[in-house]
1. Out of all the residues in region 288-310, which are of a type in the set (A, V, I, L, M, F, W, C) and either assigned to a helix (DSSP H, G or I) or surrounded by fewer than 21 Cβ atoms within 10 Å (Cβ to Cβ) (or both)?
2. For region 293-342, give me each residue that is touching a Leu at 6+ places or on another chain (Cβ under 7 Å) and of a type in the set (Lys, Arg).
3. Can you tell me how many residues in region 262-304 are more than 18 Å from the chain's Cα centre (by Cα) and under 30 Å from Ser326 (Cβ atoms)?
4. How many residues does region 208-237 hold that are within 15 Å of Val183 (Cβ to Cβ) and among the polar types (S, T, N, Q)?
5. For region 71-91, state whether one or more residues are in contact with a Lys or Arg (Cβ under 6 Å, 6 or more places away or on another chain), of a type outside the set (Ser, Thr, Tyr) and assigned by TED's automatic domain parsing to the domain that holds His38.
6. Looking at Asp499 and the list (1) modelled with pLDDT of 50 or more; (2) surrounded by fewer than 19 Cβ atoms within 10 Å (Cβ to Cβ); (3) of a type outside the set (Val, Ile, Thr), which single condition is not satisfied?
7. Do we find that Lys283 is surrounded by 15 or more Cβ atoms within 10 Å (Cβ to Cβ), among the basic types (Lys, Arg) and at pLDDT below 90 in this structure?
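The values are calculated or read from the model by the stated rules, or taken from the named source; none is laboratory data. This one's a predicted model, so the numbers in the text were calculated from it and none came from an experiment. For neighbour counting, all protein chains shown are included, and Cβ atoms are generated from backbone atoms with ideal geometry for every residue, glycine included.
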Amino acid sequence: MKKALYRKYRPTKLSELVGQEEAVSLIKNQIEKDNLGHAYLFSGPRGVGKTSLARIIATQLGCDPIFDVSEIDAASHNKVEDIREMNESVNFIASSPGKKRLFILDEVHMLSNAASNAFLKTLEEPPEHIIFILATTEPERVLETIKSRTTQIAFKKISEDEIIKTLKKIGKKEGINLDSEVVKMIANFSDGSLRDSINLYEQTENTFGSKASVDDLFSLLGKLSSKEFEIIINSVETQDTASVLSVIRDAYSKGLQPTDIVDSVSEFFRNLFYLKYLPDDNKLSSLTPELRKLLEQADKKISAKQLVRILDLIDEISTVILTTSSMHLKLELFMMKIIKPELGSDVKSIGYRVDLLEGKFTNSPIDDNQEIETVKEEKVENPKPKKNKKNIKKASIENFDVYWPKILEELRDKLSPRKFSYLTAVIPEVSDEEVITLFVDKDNEFLLKQLEKSEEIIDLVISEVAKQMGLEVKFKILLSEDSKINESKGVDAAQEVFDVEDIN
């Protein structure tokens, strides 16, 4: 019988353990100095080397893997009786001292409170030649009294670069030659678990061979393909419900379950959220060029307001999909609401429909070749020189909240600290197609007066909006009727710091 690759390539030496340099360095130094502790708690994600390091320690100490190492799965041996039986084994070994003996307790957080308490005495005062190594993926669930009696070592997720490097080494030895983009996505989907990535690597090759594509990998993982997401994104733009339902039906025929499709849709729109708000995030750098391009296309077609509405729908369906008796129907209704906002009864869907009716924005994509209309000057006499905006693409006003932090960052150096602090204490909201309202806390009339007096602040904001978004907008400054601003005392504090009563 063929041995699974993750077992075949399990590290047997400290030098072979991938991505855990700190843990390896600590254990290596303690072994060399004959200074190993009597109990360790290895914590971290699954598949990153916790149990492997425990076995390597046994090898380094010359332990016989059959007679000197006891591995206990605490998930299935979590009762008081199980721990008492282990304690008896420890006491028996104590009567026949010799070389080191190891007890490895995996998933130790699964022990019941009674079992954990029964283990405390033995853990605190074990025989001199006994070493306990406890492993867990959820250290917060381990009793503090147990933690305090151990040397704690935290294992981290393995980087995608390290995973890719390891998979290529295995592929070279095994004669596996998967496409580099497929290997990259395997590393991405493994979420820092080397064991999971090796399993998926082997499964992909066994199922599709060396010609496996990224879409084949998606199918294997129970995810929608990039082609299917392209249809969904186009359907959001054109409100084509038939195409979306066809995608769902095809996914069913390939064996995907409603929960698989919800997870896949959730992951895609979360990536779109990161692209819109954190375009330089490392999470996006690991995506394939094809998927990145698709997200960029979606970013042009879906405004920030639309995206928030979709994410709200995803949050709702993720909550109910596991408890409903009609998963398929819930999923199909969910997809219909994404495509047709008029079918939604939630506040954001209703607001979105109102915006559409008032013509605030459309679902039409922005033409990349569209040039921005020259800003009209209100004062005909002495017109200001017009800036060349030929290369600026017009952004949707609905994306203003995405640009606001960038606008503030640019204005930080252009305004005095005092005046800049005024802008950080307001909440901007899109009022209509060309008007943005800066809401000031209802109890801060001082800030309202200063903003109304200062043409410099508003002129710079208008200029920066035109520069970054290609839009001509007007600003209104109003007192908020509600307590919208949590940091309402921010400007008061700034006023005290700068000792100002007015803007000159």
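1. Start the filter on region 288-310 by keeping residues that are of a type in the set (A, V, I, L, M, F, W, C), which leaves 291, 294-295, 298, 302, 304, 307-308, 310.
Within region 288-310, Leu291, Leu294, Leu295, Ala298, Ala304, Leu307, Val308, Ile310 meet the criteria.
2. Passing the criteria: only Lys337.
3. Counting residues in region 262-304 that are more than 18 Å from the chain's Cα centre (by Cα) and under 30 Å from Ser326 (Cβ atoms) gives 2.
4. 2
5. First, pick out the residues of region 71-91 that are in contact with a Lys or Arg (Cβ under 6 Å, 6 or more places away or on another chain): none.
No, that holds for no residue.
6. (1)
7. Details: surrounded by 15 or more Cβ atoms within 10 Å (Cβ to Cβ): no; among the basic types (Lys, Arg): yes; at pLDDT below 90: yes.
No, not satisfied.
So that you can scan it fast, the table gives a plain yes or no per residue for (1) assigned to a helix (DSSP H, G or I); (2) at pLDDT 95 or above; (3) closer than 21 Å to Thr122 by Cβ:
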{"residue": "Leu26", "(1), (2), (3)": "yes, yes, no"}
{"residue": "Tyr40", "(1), (2), (3)": "no, yes, yes"}
{"residue": "Ile56", "(1), (2), (3)": "yes, yes, no"}
{"residue": "Phe67", "(1), (2), (3)": "no, no, yes"}
{"residue": "Ala75", "(1), (2), (3)": "no, no, yes"}
{"residue": "Asn78", "(1), (2), (3)": "no, no, yes"}
